[in-house]
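First comes the structure, then the notes that go with it.
Read-outs: derived from the displayed coordinates by stated rules, not from any lab. Computed from a prediction, not measured in an experiment: that's the story for all the values here. Reconstructed Cβ throughout: ideal geometry from the backbone, glycine too, with neighbour counts over all protein chains shown.
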Amino acid sequence: MESIVPSRSAATPHPRPEWFSGPVHIQTLRGGVEPGELEIFAVYFDAGSRTKPHTHSTEQLLVFLEGEGVVADRTTRSRYRAGGLAVVPAGEWHWHGATADSATCHLSIRPGGPSAWPPEVEMGDWDTYMEGVHDA
């Protein structure tokens, strides 16, 4: 058995800042290097920071640990607080991050596999994009 503990003080700036809008720090809790091994990251978003739209080749579980965050696909935007869980199906275009006024941390858990970061998609201003958001 392995014991792992997320800690903002152990997180470092994400090595691919072009994948994000705003400051994001990451702590690798488990690398997912071996086939079938889980990839687990603690991802810390400053208020208003979020991923750019992307897909994964495998299903992804997001577990919110603190603050208030958002997970969205092309038609749905849901708000999450500590304890909230979001399951993103393999191949689904999505983005996730913090709300405009609250930093957040979530765990990203998925079997190892490639991610696809398409060319930058204009997301418009936050307030317009967040219209219709609902609590999960």
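Name the residue farthest towards the positive end of the dipole of the range 13-62 from the options I40, P15, L61, assuming +1 on Cβ of Lys and Arg, -1 on Cβ of Asp and Glu, about the Cα centre.
Towards the positive end, the residue furthest out is P15.
Residue-wise, which Karplus ³J(HN,Hα) couplings in Hz belong to the range 16-24, taking 6.51 cos²θ - 1.76 cosθ + 1.60, θ = phi - 60°, and x for glycine or proline?
Along the range 16-24, the couplings run 10, x, 5, 7, 10, 10, x, x, 9 Hz.
Which peptide among 63-73, 91-101 comes first, and what is the full order, when sorted by highest mean count of other Cβ atoms within 10 Å?
Listed from highest to lowest mean packing, they are 63-73, 91-101.
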